[in-house]
Amino acid sequence: MNDTLFTVLSTLVKIVVFVHIALILSAFMTLVERKVSAWMQDRVGPNRVGPGGLLQPIADGLKFLFKEDVIPGQVNKVLYVLAPAIVLVPSFLALAVIPFGPPVEVAGRTVQLSIADLDVGILFVFAISSLGVYGITLAGWASNSKYSLLGGVRASAQMISYEICLGLSVVSVFMATGSLRLMDVVTTQADGIWNVFLHPLGFLVFVVAAFAETNRLPFDMPEAETELVAGYHTEYSSMKFAMFFLGEYTAMFVFSALVATLFLGGWDVPFVAESTLAALGNWGSLLGFASFMLKSLAFLFFYVWVRWTIPRFRFDQLMGLGWKVLLPLALVQILLTGLFGILFSGDGGS
Amino acid sequence: MGKLVERRALKWYEELYLPAIVSGLGRTFRQMFEPDITLQYPEQRPAIADDYRGAPGLVRDDEGREKCVSCQLCEYICPPKAIVIRPGEIPEGADNEHVEKAPREFFIDMLRCIYCGYCEEVCPEEAIFMTSVYELNGATRAELVHDKPRLYEIGGTRIDPIKKWKGK
């Protein structure tokens, strides 16, 4: 087998596997969300489909497929149909650069466990994931309904307030790493200590901004079911509605994976040196992958946990928090990292 | 006059809201392990009190005779006019022929019934009772108009200490 064929094949396999991980996780996140919310409210949650309600996502999916696909008369048909796809596609695209685990050996060749190990890594994620907001805004616009429009407008305003903080919060991480490649960020942490201890402020800002970026409570202004009926997807039904959901949950997974990668050591197993992991060969890689998934899942749980704890912010409070608190905090973190870098290593890296 | 409540100024760390958020997260996390209060309805049933005002039903006495004498007081008092009675005679030769009247037809429209219990209260013969039946459903409107057999099915037999018609 020549190298080109091997690269194409291995990439295809990786795409199929990783996309399915994201898809299945998104499906089961809907169940986790309902179960955890139920437990937190002393309820039982879905428990009728399958053992303990485990097959609920499948029942939900079937229901979405067989529901009537209503396109209301007042909508702009082209944009209305396009919008769910625009929400869904960027979430999956951003998945491409996530390093799922240490490299594995297949047929004498080394395979990186990320679909595309781009040099611009994080920039790619930010560039792609912020495209998702176009889908939400277009959905609000094309629906030609006041609630949808308000939701769409809020989404774009929210994106502007938070994208900057999101970007600035990770600058310190890359100052310390000296590379934008996500693989390098993980290897640096695997050798040293996790970035969450080095850049706590950056971590805090990134987490808050990630909540805003994925439109999750306490920043689910575009949906805001108590004020805007259902926000941008008020007029949507059937599988188009499900696609918004899928997009939201996949984006949640991408950002959980990013938090794990950037701040929680990626596929680094705590208290185990990277060389020990490498000595185990592919089993070590599997262990690393498990560690990475565990961290991502823990953060996904955190998403749900926060959703059922903190009430929604008012719109101006959200903008105020974004511009007046998180932006200065992110700048302070950058300043501190630079300062420490100069003081302790003299060459700008820590 | 409203009462003026002094509001304590927030301390600097309280203004960060982080302690409040953390304590809130702790609260919800602990709540996850509290016992559930959900009743799994079709399998588990709530405890129904004896004097629950559910669907009204007609009762028979311990000799299996219908107690209703078709006086139509319940029909008269029923606020939403849910009860319709067509009185009939008790045929001569029956052992309770002296009672004279019995309902030929007895309808309670459960789509109209407001479960006020006036019919039970007004009945001089203690023949109609509010029961603990609370599950009423039907595929058609006609199904929810209870006729005599259905009403006796709901009411069943009720044995009272006072045998009003005994030996009369």
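Condition check: exposed (fewer than 15 other Cβ atoms within 10 Å of the Cβ), more than 14 Å from every other protein chain (Cβ to nearest Cβ), modelled with pLDDT of 90 or more and within 19 Å of the chain's Cα centre (by Cα). Does B:PRO80 satisfy that?
Yes, satisfied.
Could you list, in sequence order, the residues of segment A:261-278 that are on the phi > 0 side of the Ramachandran plot and surrounded by fewer than 18 Cβ atoms within 10 Å (Cβ to Cβ)?
The answer is A:PHE271, and nothing else.
Which of the residues belonging to segment A:275-311 are more than 14 Å from chain B (Cβ to nearest Cβ), touching a residue at least 12 places away in the same chain (Cβ under 8 Å) and assigned to a loop (DSSP other than H, G, I, E, B)?
If the condition is that a residue be more than 14 Å from chain B (Cβ to nearest Cβ), touching a residue at least 12 places away in the same chain (Cβ under 8 Å) and assigned to a loop (DSSP other than H, G, I, E, B), then A:GLY281 is the only one that fits.
Since B:ILE108 meets every condition but one in (1) within 14 Å of chain A (Cβ to nearest Cβ); (2) in a strand (DSSP E or B); (3) not basic (Lys, Arg), which condition does it not meet?
Only one criterion in (1) within 14 Å of chain A (Cβ to nearest Cβ); (2) in a strand (DSSP E or B); (3) not basic (Lys, Arg) is unmet by B:ILE108, namely (1).
The rows are residues; the columns are (1) in contact with a Gly (Cβ under 8 Å, 6 or more places away or on another chain); (2) touching a residue at least 24 places away in the same chain (Cβ under 8 Å).
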{"position": "B:PRO79", "(1), (2)": "no, yes"}
{"position": "B:ILE85", "(1), (2)": "no, no"}
{"position": "B:GLU92", "(1), (2)": "no, no"}
{"position": "B:PRO124", "(1), (2)": "no, yes"}
{"position": "B:THR140", "(1), (2)": "no, no"}
{"position": "B:VAL145", "(1), (2)": "no, yes"}
{"position": "B:LEU151", "(1), (2)": "yes, yes"}
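Filter segment A:126-181 for residues that are surrounded by 18 or more Cβ atoms within 10 Å (Cβ to Cβ), farther than 19 Å from A:VAL208 by Cα and of a type in the set (D, E, K, R) and give the result.
A:ARG181, the sole residue that qualifies.
Within segment A:3-26, how many residues are over 14 Å from A:SER114 (Cα atoms) and buried (at least 19 other Cβ atoms within 10 Å of the Cβ)?
Summing the residues that are over 14 Å from A:SER114 (Cα atoms) and buried (at least 19 other Cβ atoms within 10 Å of the Cβ) in segment A:3-26 gives 2.
So in segment B:113-157, with the set limited to residues that are among the aromatic types (Phe, Trp, Tyr) and closer than 21 Å to B:ALA102 by Cβ, which one is nearest to the chain's Cα centre (by Cα)?
Within segment B:113-157, the match that is nearest to the chain's Cα centre (by Cα) is B:PHE129.
Every residue, every condition in (1) more than 30 Å from B:ARG45 (Cα to Cα); (2) in a loop (DSSP other than H, G, I, E, B); (3) modelled with pLDDT under 90, yes or no:
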| position | (1), (2), (3) |
| --- | --- |
| B:CYS74 | yes, no, no |
| B:VAL84 | yes, no, no |
| B:GLU92 | yes, yes, yes |
| B:TYR115 | no, yes, no |
| B:GLU125 | yes, yes, yes |
| B:ALA139 | no, yes, no |
| B:ILE159 | no, yes, yes |
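Specify which of the listed residues (B:GLU6, B:GLU66, B:GLU43, B:GLU15) is without any contact (Cβ under 8 Å) to a residue 12 or more places away in the chain and either more than 14 Å from every other protein chain (Cβ to nearest Cβ) or aliphatic (A, V, I, L, M) (or both).
B:GLU6
Taking the conditions exactly as written (in a helix (DSSP H, G or I) and in contact with a Gly (Cβ under 6 Å, 6 or more places away or on another chain)), does A:ILE58 satisfy them or not?
No.
Would you please name the residue that is farthest from A:VAL153 (Cα to Cα), looking only at residues in segment A:122-143 that are within 14 Å of the chain's Cα centre (by Cα) and of a type in the set (Gly, Ala, Ser)?
Ranking the qualifying residues of segment A:122-143, first place goes to A:ALA127.
Filter segment A:320-331 down to residues that are more than 14 Å from every other protein chain (Cβ to nearest Cβ) and at pLDDT 85 or above, then give me how many there are.
Qualifying residue count for the region: 4.
Every residue in segment A:18-49 that is within 21 Å of A:MET239 (Cα to Cα), within 14 Å of another protein chain (Cβ to nearest Cβ) and in contact (Cβ under 8 Å) with a residue 24 or more places away in the chain, please.
Result: A:VAL32, A:GLU33.
The values are calculated or read from the model by the stated rules, or taken from the named source; none is laboratory data. The shown structure was predicted, so the numbers you read here are calculated from the model rather than taken from an experiment. Because the Cβ atoms are built from the backbone with ideal geometry, glycine has one as well, and the counts that use them run over all protein chains shown.
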